[in-house]
1. Can you name every residue in the range 47-100 that is part of a loop (DSSP other than H, G, I, E, B) and free of Cβ contacts under 8 Å to residues at least 40 places away in the same chain?
2. Just one of (1) under 13 Å from residue 66 (Cβ atoms); (2) out of contact with any helix residue (DSSP H, G or I) (no Cβ under 8 Å at 6 or more places or on another chain) trips up residue 23, so point out which.
3. What residue, among those in the range 31-46 that are in a helix (DSSP H, G or I) and without any contact (Cβ under 8 Å) to a residue 24 or more places away in the chain, is nearest to residue 75 (Cα to Cα)?
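The values are calculated or read from the model by the stated rules, or taken from the named source; none is laboratory data. These figures come from a predicted structure and were not determined experimentally. Neighbour counts are summed over all protein chains in view; Cβ atoms, including those assigned to glycine, are modelled from backbone coordinates with ideal geometry.
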């Protein structure tokens with residue numbers, strides 16, 4: 001495990017991000033430079049089929065004075081595995097990732113890092129949706145999943161699926177080895193397993209503004225069914241874990 005030599009390691013998980021990558025990185029760097037945090041940015045590309053890798057290589061040239069690194073997957077593994085691989089490369093005291101589309105903007109990063117410095121083990125964005133008619137279905141799906149997740153898993157978190165999560169590196173690395181899902185359900189797992197470790201989790205309200213110039217990779221029908229199937233299976237595992245913990249205490 002590398003020693004923490006930086007305040008922050010920010011992982012950028014990439015999959016076909018050519019249209020927003022360069023401008024979003026510029027905005028992220030502007031925020032981090034103003035924050036006075038020492039930082040690195042780790043790009044992890046999950047086998048993009050567009051020009052994303054070419055652009056990452058160019059970013060490493062354009063920002064030679066910055067601490068940028070890259071990891072290119074040999075095959076597509078899923079968002080969860082992509083983020084986890086970046087975390088394992090990190091040198092920062094804090095590790096985190098944000099969605100590169102910046103629907104939750106990078107300006108919130110310093111607030112989440114501050115929450116960790118003030119005692120939290122995990123700090124995440126709780127997405128607050130700007131009222132938009134075209135966004136209503138996404139709001140309903142998000143709040144519906146949140147309600148179902150809280151009741152099936154008996155946890156208090158409001159937004160496990162946010163693509164804006166930060167952790168103390170020494171705390172998250174052991175949890176990474178326990179997470180089984182490598183795709184979208186990774187987000188739920190990493191949060192719930194962090195709670196099982198007794199970690200203090202802080203959710204900070206952050207404005208979510210939908211970008212309509214980017215095509216979503218989420219299929220509402222098939223992905224919703226897959227989420228429910230994994231949620232139900234994970235519920236069974238949690239019941240067994242809690243029962244085992246209860247018998248150990250007694």
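1. Hits for the range 47-100 are 47, 48, 49, 50, 51, 63, 64, 65, 66, 73, 74, 75.
2. For residue 23, the exception is condition (1).
3. Only one residue tops the list, namely 33.
To keep it simple, each residue is scored yes or no on (1) surrounded by fewer than 16 Cβ atoms within 10 Å (Cβ to Cβ); (2) within 26 Å of residue 205 (Cβ to Cβ); (3) at pLDDT below 95; (4) in contact with a strand residue (DSSP E or B) (Cβ under 9 Å, 6 or more places away or on another chain).
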position: 24; (1), (2), (3), (4): no, yes, no, yes
position: 38; (1), (2), (3), (4): yes, no, no, yes
position: 68; (1), (2), (3), (4): no, no, no, yes
position: 92; (1), (2), (3), (4): no, yes, no, yes
position: 102; (1), (2), (3), (4): no, yes, no, no
